[in-house]
Amino acid sequence: MTMEKISTKQKIIAAAKNLFSTHGYSETTIDDIITASGLTKGAFYHYFKSKQLVCIEIIDIVQAEYQNIFESLPSELNPLEKLRTLIKQILELNASGQWVNCKLMLRLSCQMPTLENSVKQKLDGFWKWYIESYLTLIKQSRELKLISENLSVRQQTGLVINMLTGNILTTTISDSGTDAEVIDYILERL
């Protein structure tokens, strides 16, 4: 594949990703993606046969980006320090305005009932992987007695994800930024 072809496909993906994260999947049309990418219908249809296929590829890309964050956590950190580093990185990326993955996945999830089955399945697979990744760090933290066992592993995982999601939504609405106190507050609740 030539650089031009890669660049064209990347323009389509970037435009669709931004539109899906700001307007939602249902509200975004193929014409919107074409206009935002500055390309022709022919260019769009050369790479994607439908908006659904663009969205599926975007979910794969987003999951790979999240996996990269999880896999890049320094191995010398204990599981709780990894969890702290992970939350900090995600909050900072979200606050940067350059990374729309958090907002995108939340917006798509809110539209779950209106999505095509293949998109729903891909999104569901992402969330299962995402939750399991946090669950693993929390289990490891419990095994090393780094966090309490007052709540179940599932409850602790839900607490972290829910607080993280709430902070992401609040930051999106109020542009309040990220600070260490938020991260400490989340982890202290475990």
Could you check T22 against (1) surrounded by fewer than 16 Cβ atoms within 10 Å (Cβ to Cβ); (2) among the polar types (S, T, N, Q); (3) not in a helix (DSSP H, G or I) and say which number it fails? (3)
What number of residues in the stretch 126-141 are polar (S, T, N, Q) and closer than 14 Å to Q63 by Cα? 1
Look at T28 and say whether it is on the phi < 0 side of the Ramachandran plot, within 22 Å of the chain's Cα centre (by Cα), surrounded by fewer than 17 Cβ atoms within 10 Å (Cβ to Cβ) and hydroxyl-bearing (S, T, Y). no
Just for the stretch 111-124: of the residues that are free of Cβ contacts under 8 Å to residues at least 60 places away in the same chain and not aliphatic (A, V, I, L, M), which one is surrounded by the most Cβ atoms within 10 Å (Cβ to Cβ)? K120
Considering the stretch 54-94 alone, what residues qualify as being more than 14 Å from the chain's Cα centre (by Cα) and small (G, A, S)? S72, S75
Within the stretch 159-176, identify whether any single residue is among the small types (G, A, S) and either in contact (Cβ under 8 Å) with a residue 12 or more places away in the chain or buried (at least 16 other Cβ atoms within 10 Å of the Cβ) (or both), and answer yes or no. no
Residue by residue through the stretch 80-123, note down the ones that are part of a helix (DSSP H, G or I) and among the polar types (S, T, N, Q). T85, Q89, N94, S96, N101, S109, T114, N117, S118, Q121
Of the residues W99, W129, which single one is modelled with pLDDT of 90 or more and either surrounded by fewer than 19 Cβ atoms within 10 Å (Cβ to Cβ) or farther than 25 Å from V182 by Cα (or both)? W129
Do you know which residues across the stretch 140-152 are assigned to a helix (DSSP H, G or I) and surrounded by 15 or more Cβ atoms within 10 Å (Cβ to Cβ)? Q140, S141, R142
Checking the condition closer than 30 Å to T136 by Cβ, modelled with pLDDT of 95 or more and either among the acidic types (D, E) or surrounded by 18 or more Cβ atoms within 10 Å (Cβ to Cβ) (or both), which residue from I58, I90, I34 passes? I58
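The values are calculated or read from the model by the stated rules, or taken from the named source; none is laboratory data. In this text, all values refer to a predicted model and were calculated from it rather than measured experimentally. Cβ sites come from the backbone with ideal geometry, for glycine too, and all protein chains shown count toward neighbours.
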